[in-house]
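Where a number appears in this text, it was derived from the coordinates with a stated rule and is not lab data. Here the structure is a predicted model, which is why all the values come from computation and not from measurement. Cβ sites come from the backbone with ideal geometry, for glycine too, and all protein chains shown count toward neighbours.
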Amino acid sequence: MSVVHYQLRIADLSSRMLAVTLRFTPQQAQHQLALPAWIPGSYMIRNFARHITQIRAYDVSGELSVEQLDKQSWQLSCRAQPVTVEYQVYANDLSVRAAYLDDEVAVLNPACLCLAVSGLTELAQQFALGDTCEYTKRVTENWRIATALPRLTGEPLSRYGTFQAADYQQLIDSPLIAGVFSLSEFQLDGVPHYVVVTGNNLFDEARLLEDVSKLCQAQRDVFGTLPEDLNQYWFLLLVTESGYGGLEHQFSTLLLCNRQDLPVPALAEQDEAYQTLLGLFSHEYFHTWWVKRLKPACFHPYQLDKEQYSRQLWIYEGFTSYFDDLALVKAGLISQTQYLKSLEKLITRVTRNPSEQIQSLTDSSFTAWTKFYLQDENAVNSIVSYYAKGALVALLLDAELQQHGNSLAELCRALYQQYLQTGTADESIFTLLNSWQLTALATDLKHWVNQAKPLPLAKHLSTLGVQLDWRSPQQFDDLCGTSNKTETASLGCSLKY
């Protein structure tokens, strides 16, 4: 067998168990089987393997020895004949990072489902979803599958099929949605883009498609062209009663939103929830260039069995967070006034926390594994968001670049073109600024990201014609920058009911 094949079926809907059958031809007497400990884009050890149960292996001659080596890997002793490995995975993580199963949808991230076979990860990897008991067949009879993985048979979307990745890395970077969903499509530069929305939801599908299309054009304009290898792109939106998040992939993104975030039919002025949803689409699509192709040099290649530390997450997530809302303005989806309101909230969120004078952006990036993704009640005092404060750094950098006849978009485009193959080192952005004869700005940027100090927001916003005024909070909503009430006497504290 020249490929590694994974067959997935629903073992038990009520207990949310998935059964995986792995088949391959061994190339040596022993192979290690392992799951990644984390998934790229979410910098925290997830320990996916803890959800594996009942693992066994056999060939035509009988049972094979499978010995667990550590929290995420097993050693398999083989004979010189095809091997079958069977195991079950508990799927109850309603997020964009792992696996989830109920009677309406299955969210399948191969990173937490498909054991890698040592020595065979460069081979083609096939993934198939199959039937199980008659009850499950009845429940899933109207289900379809959506994924960026190429379908082996070349058929259009259907309930069943076999998908093939070029290698293990492509497999685990390709989430799948199985269930009932709506599907719409638009073209950008001749590349098909698909929007999948799970469930039977009453929403303005045409508006969502049009708005997402405009956002993609705005983000494409930052870099000038689509990535050369991009031949399709999938927005996989999982709609729930309560949830929010997104995770970028090479040819797709898996998104999570509340049902109330979807655009309401026949409503001209949509609420802020829909604006937030569009910002999520915008954010993850920007990652198509900015993380999924250009990434920190230390991520070449990914080492998914352990932490990979980088001090550059403020560049990758911070800049993306800046361009996501900016694209809404560029695409004409929100007004400048709405954008400034979002900026008010962002500034308030960053400056209200004591942590701004405790942790630098580079340190926040480096400790993401143990701090940012594992926040507790002391987080506001000790952890700076490289998303939020990183976005403000991007704003200041853009303001200064525009004073010199440049822009942050041009800077990102230049970084993308120069370092695409090798990734950016810690000094890459400063090297580029110095080559543009912007030494003073490079020095300022180093101070902004390496020092635990407030940013000079008022000074640099004034160059954009924006005046920044400060006032003390009068009620809880002021902490998010949403109150328009006149000032009253204040005790300097706030209450939330």
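Data table
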| quantity | calculated |
| --- | --- |
| Alpha carbon convex hull of the stretch 215-366, volume per residue in cubic angstrom | 149 Å³ |
| Cα Rg, Dmax, the stretch 180-281, angstrom units | 13.4, 38 |
| Under DSSP loop assignment and at most 12 Cβ neighbours within 10 Å, longest GluC sites (Glu not before Pro)-free interval of the chain | 1-121 |
| Along each principal axis, Cα extent of the stretch 1-107, largest first, Å | 40, 30, 24 |
| 25 °C / 0.890 mPa s Stokes-Einstein diffusion coefficient of the stretch 42-154, Kirkwood radius on C-alpha pairs, µm²/s | 149 µm²/s |
| Dipole magnitude (debye, nearest 20) for the chain, charges at Cβ of Lys, Arg, Asp, Glu | 560 debye |
| Rounded to 5, the percent of DSSP beta bridges in the stretch 180-281 classed as antiparallel | 50 percent |
| For q = 0.08, 0.10 Å⁻¹, Debye-computed log10 I/I(0) when each Cα of the stretch 297-480 counts as one equal scatterer | -0.27, -0.42 |
| Sequence ranges 36-47, 286-297, ranked by mean other-Cβ count within 10 angstrom, highest first | 286-297, 36-47 |
| Relative contact order [Cα under 8 Å, 6+ residues apart], the chain, whole percent | 11 percent |
| Size of electric dipole in the stretch 180-281: Cβ of Lys, Arg +1 and of Asp, Glu -1, about Cα centre, debye, nearest 20 | 140 debye |
| Neighbour net charge for Val195 - beta-carbon separation under 9 angstrom, K R +1, D E -1 | -2 |
| Exposure proxy order (Cβ contacts within 10 Å, fewest to most) of His447, His460 | His447, His460 |
| Fewest-first ranking of Val96, Val66, using other Cβ atoms within 10 Å as the exposure measure | Val66, Val96 |
| Note, ³J(HN,Hα) from phi for the stretch 434-450, Karplus 6.51, -1.76, 1.60, rounded to Hz, x at Gly and Pro | 5, 5, 8, 6, 10, 4, 5, 5, 4, 5, 4, 4, 4, 5, 4, 9, 9 |
| Isotropically averaged projected area of the chain, using the convex hull of Cα atoms (one quarter of hull area), nm² | 25.4 nm² |
